[in-house]
Each structure stands twice: as C-alpha cells, then as structure tokens.
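The structure appears right after this line, and notes come after that.
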Amino acid sequence: MRMFIRIPGRCRPGGVCRAAFALALLLALVAHPAWGQRQGAASPAAAAPAIVMVLSPRMVYALQEWPRMKAAARAAGFDVTGVRDPQTPAGEWAQLGRVTFLTDLALIAPMSAALQADFARHGALNHMPSTLVYWCGKPHPWPVLGVMPDKPWINALQARATQLKQQPCAATR
C-alpha cells in the first residue's frame with residue numbers, strides 16, 4: 001500500500017506529495033528519543049522521558065482523545081510519539097483517512113520492530129490504546145492502558161518516569 005499526503009500550497013494543483021510524507025515519517029522516527037536510544041545513541045541523564053502510545057482504528061474513542069492526551073503529556077515535559085497497532089490491517093487505517101477529526105493521522109507512524117518487541121514483552125499489545133514510558137531508552141515494565149482524564153494520565157506517566165529515573169542511564173541496554 002502506498003501512503004500519500006496532500007500539502008496545500010506545496011504540491012502542484014491536485015498533486016500528491018509522497019516525498020514530503022516519507023521525509024516527515026523518517027524524521028519523526030529518527031528524532032524520537034526512544035527510537036534513537038534503542039539504536040544505541042548516548043543519552044544525557046537530564047533527558048526528558050518519552051512516551052510511545054499504540055493506537056488502533058478499532059478504538060475510535062482513543063483516536064478522538066489522542067490529541068488531548070498528547071498535548072497534556074507534552075505540557076508535562078514528555079516527548080510523545082503515537083504509533084499504529086501492528087496487528088491492524090493497513091486497509092483499516094486507510095479507511096480512517098476519510099474521517100475529518102483525524103487531522104494528524106499521517107503523523108501516527110507504523111510501529112518499528114524494536115518498539116513492537118518492547119510492547120509485546122510487556123503485554124502492551126493486548127489492549128488499545130497502550131502506552132510505555134521510556135527513559136534513557138529503557139521502557140517501564142508496566143504499560144499505561146486506556147484513555148483517561150488529564151490528571152490521572154499525567155500522574156501515571158510521572159510515576160513511571162520517576163521509577164525509571166532511579167536507575168542510572170548507563171544501565172540501559
């Protein structure tokens with residue numbers, strides 16, 4: 001399946017910008033702290049904790065709440081990335097492209113093999129949405145499951161980040 005994104009004013013009239021989408025997706029994956037650290041990059045001890053949330057088109061309520069939860073986590077100092085449920089067929093994601101409230105659907109990237117291994121190891125692919133908190137490239141063993149109001153959401157993320165920060169960065173894989 002080919003993925004396309006239309007960028008008003010950036011493409012020829014009626015054109016499709018595949019290169020812009022591919023570049024944005026590549027930059028999002030490479031720039032994400034959890035991804036870079038899983039590849040062995042060094043991390044300063046003062047690095048911000050990161051969260052990765054797996055989203056599924058089968059949980060439309062979670063997709064509607066994603067922008068709010070993402071904004072709350074960013075405001076609390078987390079680096080935030082959303083990834084697509086690897087168990088969901090591409091056709092279901094394509095059907096969502098026609099839903100108007102999903103303005104940032106193109107920014108929800110496919111899940112990398114390294115992240116998929118982390119989520120599977122922690123049982124976080126059995127419920128959508130599920131979120132892992134990372135610090136220094138290491139995920140917290142307890143996923144955050146479901147959609148919740150801002151205060152409990154941030155409390156759950158901060159509790160996991162605090163526990164992760166008790167371990168030195170050098171001890172990560």
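The values are calculated or read from the model by the stated rules, or taken from the named source; none is laboratory data. These figures come from a predicted structure and were not determined experimentally. Backbone-built Cβ (ideal geometry, glycine too); neighbour counts: all protein chains shown. Just the protein is used for accessible areas: all its heavy atoms, side chains included, with ligands, DNA and RNA removed. Shrake-Rupley method; radii C 1.70, N 1.55, O 1.52, S 1.80 Å.
The table below gives the values:
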quantity	calculated
The stretch 84-108 residues that are within 23 Å of Ala120 (Cα to Cα) and hydrophobic (A, V, I, L, M, F, W, C), paired with ones that are assigned to a helix (DSSP H, G or I) and at pLDDT below 70 (beta carbon under 9 Å, 6 or more apart)	Trp93/Leu105; Leu107/Ala24; Leu107/Leu25; Leu107/Ala28
Given (1) modelled with pLDDT under 90; (2) open to solvent by less than 70 Å² (accessible area, probe 1.4 Å), number of the condition Val30 does not satisfy	(2)
In the stretch 64-83, residue surrounded by the fewest Cβ atoms within 10 Å (Cβ to Cβ) [restricted to those that are in contact (Cβ under 8 Å) with a residue 40 or more places away in the chain and part of a helix (DSSP H, G or I)]	Arg68
Among residues of the stretch 127-173, those that are open to solvent by 50 Å² or more (accessible area, probe 1.4 Å), assigned to a helix (DSSP H, G or I) and in contact with a strand residue (DSSP E or B) (Cβ under 7 Å, 6 or more places away or on another chain), counted	1
